[in-house]
Amino acid sequence: METIKLTHPITINGVALKEIFLRRPKVRDRLVVDKMTVSDAEKEVLLIANLAEISREAVEELDLSDYSKIQRQLQNFLVLTAPDMTS
């Protein structure tokens, strides 16, 4: 699980959210969003909401710079590092 500190905290149900905890995605997470008939951007929002265990609406309230940090972390989860590539 990775912690992403928000530069621009959001308020959800009266509680300030200053960081997002993002768990590593599993194949089933990808399969669930791939079955949805929405745009790729909406699939990404739904995947992030699922991995962070927050609502879609909360993800949509994020400042774009904070969303970009989360996107980078999601990409980092998917990229193989050099030691992993030799396994």
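The values are calculated or read from the model by the stated rules, or taken from the named source; none is laboratory data. Here the structure is a predicted model, which is why all the values come from computation and not from measurement. Cβ coordinates were reconstructed from backbone atoms using ideal geometry, including for glycine residues, and neighbour counts include every protein chain displayed.
Observations on the model:
Residues are listed down the side, and each one gets a yes or a no for (1) touching a strand residue (DSSP E or B) at 6+ places or on another chain (Cβ under 9 Å); (2) charged (D, E, K, R):
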position: 33; (1), (2): no, no
position: 37; (1), (2): no, no
position: 41; (1), (2): no, no
position: 44; (1), (2): no, yes
position: 50; (1), (2): no, no
position: 56; (1), (2): no, yes
position: 60; (1), (2): no, yes
position: 66; (1), (2): yes, yes
position: 70; (1), (2): yes, no
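- Scanning region 28-81 for residues that are of a type in the set (Gly, Ala, Ser) and closer than 26 Å to residue 18 by Cα gives 41, 49, 52, 55, 58, 65, 68.
- A single entry from 10, 4 fulfils the requirement of being at pLDDT 95 or above, under 10 Å from the mean Cα position of the chain (by Cα), surrounded by 12 or more Cβ atoms within 10 Å (Cβ to Cβ) and not in a helix (DSSP H, G or I): 4.
- Members of region 1-31 that are out of contact with any strand residue (DSSP E or B) (no Cβ under 6 Å at 6 or more places or on another chain) and within 16 Å of residue 64 (Cα to Cα): 7, 8, 11
- Neighbours by Cβ (under 9 Å, 6+ apart or cross-chain): first from region 33-51, of a type in the set (D, E, K, R); second surrounded by fewer than 17 Cβ atoms within 10 Å (Cβ to Cβ) and outside any helix (DSSP H, G or I): 42/36; 43/36
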